[in-house]
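To start, the structure itself, in C-alpha cells.
Please treat every number below as a calculation from the coordinates, not as lab data. Since the structure is predicted, the reported quantities are computational estimates derived from the model, not experimental observations. Methodologically, a virtual Cβ is constructed for each residue, glycine included, from the backbone with ideal geometry; neighbour enumeration extends over all protein chains shown.
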Amino acid sequence: MDGGVFRPDWNSNGHPPAPLREEQADIVVIGSGMAGLVAALRLAPRRVTLLTKTPDLPGGSSHWAQGGIAVALGAEDTAGSHAADTVAAGAGLTDPAVAELLAREGIARLSRWLAQGLPADRGGDGAVVLGREAAHSAQRILHAGGDATGRTLVAWLADRVRQAAHVDIHTGAFAWDLVMQNDRVAGVLAHHAGRGWVFHRCGAVLLASGGIGQLWRHTTNPVEATADGLALAARAGADLADLEFVQFHPTALAGSTAGQVPLLTEALRGAGAHLLDGDGLRFMPAEHPLAELAPRDVVARAIGRRVAAGQPVFLDLRALWAADGAVRFPTVAGICAAAGIDPAVSPVPVAPAAHYHMGGVVTDQDGRTSLCGLWAAGEVACTGVHGANRLASNSLLEAVVFAERAADDMLVRAPLALPAAPLPAVPPVTGTRATLDELAVAAREIMATRVGLVRDGAGLAAARTELLRLERRAARLPAATAADAVRPAGELANRLLVSRLIVEAALARTESRGAHTRTDWPAARAVWRRRQIVNTRTPLPATVAAE
Ligand code: SIN
C-alpha cells in the first residue's frame with residue numbers, strides 16, 4: 001500500500017478498479033432475520049435488494065430464538081388477553097392500540113403462514129401445541145422444532161426468499177450509511193466482501209438490522225448484533241425512542257467467555273424448572289408471587305444480585321429431564337452436553353445476559369420512520385409494543401406483523417422513479433483489526449460494568465466520560481490499510497454512537513421502570529410515564545425537574 005492510503009477496491013492483480021460501483025433497486029432491505037425475510041417476500045413484485053453483513057442467509061438473532069411466537073390461537077385465549085399481558089409487561093410505556101393491533105393481526109397473519117406450511121409443532125390431533133412463558137396469562141407460545149423455533153422458522157423463510165425472483169440477495173454486505181438527498185433517502189452505501197464499495201441507489205429502505213446485544217460483555221445475540229441499524233438511522237437524523245430499555249435474559253449459561261452465550265429458554269421455567277441459589281434453595285417465591293414466572297426483569301435482577309455478590313445461581317432441570325425434557329428441548333440438551341453438564345444429574349449454572357432492545361427507530365403502525373423513504377421493522381424498530389419491558393416471545397410476532405405492514409405500505413409509497421442523487425464519496429476508513437477490536441472491547445466493558453441490569457447516575461456519568469474518551473481515540477486512528485478493517489471500523493463507530501445515546505437516555509430517565517433500574521431513583525415516577533425521543537439533530541432532553 002502506498003503511503004498507508006486505503007484503497008477500498010484494490011484487486012489481487014494490483015489494478016484499482018473504480019472505487020465505487022452503482023447498483024439500483026426499487027427497495028433495499030437491510031438485514032436478514034425474521035423481519036427482513038418476511039418483508040422481502042412480501043415486497044413482490046418490486047425489485048428488492050437484500051443486504052446482510054452475515055456470510056449466509058439467514059442472519060441475526062431470530063435464528064437463535066428458542067422461545068417461540070406468542071399468538072392467541074388457543075380456544076380459551078383472546079387477542080384482548082394477549083394485548084393486556086403485553087401492556088402490563090410494558091410498565092406504563094406500551095401503546096395499548098399497537099399492542100391490540102399486534103395481538104389481533106398476529107392471529108390472522110400466523111394462521112395464514114400456518115396454512116402455507118409454516119412448520120410449527122403440532123400434537124397428535126394435528127393442532128398447534130401452545131406452551132406457557134412468564135407473564136402470559138394463557139398457553140399461547142407456538143414453537144417449531146421444540147426449542148429450535150427461530151432456526152426452523154427463518155430457515156423456512158430463507159428458502160422462500162432464495163427462490164423469489166424479485167429479491168437480489170447480497171451476503172457479506174455491510175451497510176455503511178444511508179445516503180440522503182434533500183432530507184429523503186436516496187440509497188445505501190455498502191461495503192461488499194470481495195467487491196468493495198457499492199452505492200445502492202433506491203427510493204426506499206427498510207431497516208431490519210436487528211439488535212444491539214453485542215454492546216455488552218455477555219449477550220444471547222450473535223456477533224452481528226452491533227447496533228448498526230440504529231446508528232445508520234441516527235446519523236441520518238431519524239427519531240429514536242426508549243433507548244434506555246434493554247432487556248437482560250435471566251438464564252444464559254454462566255461461566256462463558258465474552259460474546260454470545262448460550263440461552264436456556266424461558267420455556268423451561270414455563271415447563272416447571274426452578275431456580276436455585278448456591279445452597280440449593282429456591283429463592284424466586286420470596287421475590288415475586290409468580291416465582292420463576294415473574295416478569296423477566298424481576299427474575300433477571302434477582303439472579304443478577306446474587307451473581308454480583310459472588311453467589312452462583314442454578315436452573316434445576318432434573319425433574320423436567322426425568323420426564324421428557326431432553327426430547328422437548330433438544331437445543332438446551334445440546335448446549336448442556338457441549339458444556340459437559342448432564343441436566344438430569346446437575347442443576348445448570350445461569351446468569352443474566354443482554355438479550356433484547358425495547359428501544360429503536362420510532363415507527364408508526366406501518367413501519368414508517370420520521371425520515372422520508374425510511375421504514376423499519378423488527379428489533380431495530382420501536383413500534384410502541386414493548387414499552388419498558390418486552391413480554392416473552394412477542395418479538396418474532398412483532399417482526400411478522402410489522403414487517404408485513406411495512407412492506408404493504410412500501411408497496412404503495414416507495415417511489416417508482418430512482419432518486420437523482422450524486423454518487424456519495426467513499427468514506428475514509430481508519431484503524432487496524434487489532435486497534436478496532438481493542439476499542440470495541442473497551443466500550444463493551446464500560447457498558448457491562450456501568451450500563452447493565454442495575455445503574456446509577458454516577459456510573460452513567462462515568463460511562464459517558466469514558467465513552468467520549470474512546471470516541472476521541474477512535475477519531476485519531478490512522479488510515480486503514482486493509483479491506484478487512486471496513487466492517488470492524490463501521491461497527492466500532494456504530495457501537496460508540498449507540499452506546500453513548502443509550503447512556504444519555506439512561507441518565508436522563510431519573511426513575512426505575514421496567515428494564516431500566518437505577519439505585520439512585522428506585523421508584524417509577526409519574527412524570528416519566530412517557531417515551532423519551534432522541535435524535536442527533538437536537539440535544540438530548542435535560543433531566544426533568546423534581547416532582
Ligand atoms: C426464550 O426462549 O427464553 C427467549 C424468548 C424471548 O426472548 O422472547
*Label-zone membership for the stretch 127-152, site H288, 7 angstrom Cα→C-beta point, backbone N under 19 Å*: 131-141
*Relative to the Cα centre, what is the charge dipole magnitude of the stretch 88-149, using +1 at the beta carbon of each Lys and Arg, -1 at the beta carbon of each Asp and Glu, and rounding to the nearest 20 debye?*
140 debye
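Restricting to Cα pairs below 8 Å that are 6+ residues apart, what does the relative contact order work out to for the stretch 189-273? Please round to a whole percent.
24 percent
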*Evaluate the charge dipole of the stretch 276-405 about its Cα centre and quote only its size in Debye, nearest 20, assuming +1 on the Cβ of each Lys and Arg and -1 on the Cβ of each Asp and Glu.*
140 debye
*At 7 Å along the Cα-to-beta-carbon direction for both A461 and A425, put a label point, then send me their distance in nm to one decimal.*
3.8 nm
*Round to the nearest 0.05 the FRET efficiency obtained for D125 and C372 when R0 = 45 Å and r is the Cβ-Cβ distance.*
0.35
*Hull volume in cubic angstrom per residue (convex hull over the Cα atoms of the chain)*: 149 Å³
*How fast does the stretch 384-499 diffuse by Stokes-Einstein, in µm²/s, taking the Kirkwood radius from C-alpha pairs at 4 °C and 1.567 mPa s?*
72 µm²/s
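Please give the charge dipole size of the chain, origin at the Cα centre, charges +1 on K and R Cβ atoms and -1 on D and E Cβ atoms. Round to the nearest 20 debye.
With Lys and Arg at +1 and Asp and Glu at -1, about 780 debye.
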*asked:* Can you give the FRET efficiency to the nearest 0.05 for A319 and S256, using r as the Cβ-Cβ distance and R₀ = 25 Å?
replied: 0.50
*Hydrodynamic radius of the stretch 143-226 per Kirkwood, over alpha carbon pairs, in Å*: 15.5 Å
*Using Cα pairs under 8 angstrom and six or more residues apart, how large is the relative contact order of the chain, in percent?*
21 percent
*Putting +1 on Lys and Arg Cβ atoms and -1 on Asp and Glu Cβ atoms, find which of A115, P96, H143 reaches farthest to the positive end of the dipole of the stretch 90-145.*
A115
*Once Rh is set to the Kirkwood radius over Cα pairs, what Stokes-Einstein translational diffusion coefficient, in µm²/s, holds for the stretch 103-172 at a temperature of 37 °C and a viscosity of 0.692 mPa s?*
236 µm²/s
*asked:* 7 Å from Cα along Cα→Cβ at both A308 and R21: what's the point-to-point distance in nm?
replied: 5.1 nm
*Give the percent of DSSP beta bridges with both residues in the chain that are antiparallel, rounded to the nearest 5.*
60 percent
*asked:* 5 Å is the cut-off here: which amide hydrogens, built 1.01 Å from N in the peptide plane, fall below it relative to W197, excluding neighbours closer than 5 in sequence?
replied: R21, H192
*For the stretch 95-246, what is the relative contact order in percent, using Cα pairs closer than 8 Å and at least 6 residues apart in sequence?*
10 percent
*Say the dipole of the chain comes from +1 at the beta carbon of Lys and Arg and -1 at that of Asp and Glu; which of G210, V188, L423 then lies farthest toward its positive end?*
L423
*Using Cα centres only, tell me the gap between the stretch 113-161 and the stretch 24-81 in whole Å.*
15 Å
